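Rule-based calculations on the coordinates, nothing more; no lab input. Quick caveat: nothing in here was measured; it's all calculated off a predicted structure. When we count neighbours, we look across all protein chains shown, and the Cβ atoms used for this are built from the backbone with ideal geometry, even at glycine.
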Amino acid sequence: MKTLIAYAGKNGTTKKAAYLLKDHITNSVVVDLAKEKPMLQEYDAVIMGSCIHMWQMQQPAKEFLAREKETLLTKKTGYFICCGLPEKAEEEIEANIPEELRSAALVIESFGGVMEPGALKGMDKFIAKIAVKQRAKNPEALTTEFYPDKVIEFAKKFA
């Protein structure tokens, strides 16, 4: 079985998750949705992941889900997000992945998120700095941790 692992990210955490999944899922291929539009007929299974930025998936991920929805419903699928607010993960998943796709998915998970203001630019950097300051006041307000164990568990469930 050939598996596509497609992702859209902003600062590297989603890419890291995609490649960790590849390490644990045999016969898999990783594709950055910002650079390629994969042909789904080449794959038996599809995993799609995106970081959440300002409560939204990255545009290439949203476009992929909209464009490929009918095809995805015919495949073995899994979805993941990377976000820094674990208590909001379920809301983010519901807001960004259509219900029909969620219902058909074998597994859906949030892998945490790492916010690195130094890797961002412009308004994104400004907002990230505010979020990091807020975290200093309330350490539970923002997760800046990636959970590789959740990635490995996802891969096991998907296999």
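When residues in the stretch 58-72 are screened for being within 10 Å of LEU40 (Cβ to Cβ), of a type in the set (A, V, I, L, M) and touching a residue at least 40 places away in the same chain (Cβ under 8 Å), 0 of them pass.
The helices (runs of 4 or more DSSP H) located wholly in the stretch 1-101 that include 1 or more residues which are under 20 Å from GLU145 (Cα atoms) occupy 13-24, 89-96. Determine if the stretch 97-107 includes at least one residue that is without any contact (Cβ under 8 Å) to a residue 24 or more places away in the chain, under 25 Å from GLU153 (Cβ atoms) and touching an Asp or Glu at 6+ places or on another chain (Cβ under 9 Å). Within the stretch 97-107 (the criterion being without any contact (Cβ under 8 Å) to a residue 24 or more places away in the chain, under 25 Å from GLU153 (Cβ atoms) and touching an Asp or Glu at 6+ places or on another chain (Cβ under 9 Å)), the answer is yes, since at least one residue qualifies. The residues of the stretch 146-158 include none that are in a strand (DSSP E or B) and either among the hydroxyl-bearing types (Ser, Thr, Tyr) or loosely packed, with under 12 Cβ neighbours inside 10 Å (or both). If you filter the stretch 48-68 down to residues that are within 13 Å of LEU4 (Cβ to Cβ) and more than 9 Å from the chain's Cα centre (by Cα), you find that the one that is surrounded by the fewest Cβ atoms within 10 Å (Cβ to Cβ) is GLU68. For the stretch 78-111, the set of residues classified as over 13 Å from the mean Cα position of the chain (by Cα) and within 17 Å of ALA6 (Cβ to Cβ) consists of PRO98, LEU101, ARG102, ALA104, ALA105, LEU106, listed by residue number.
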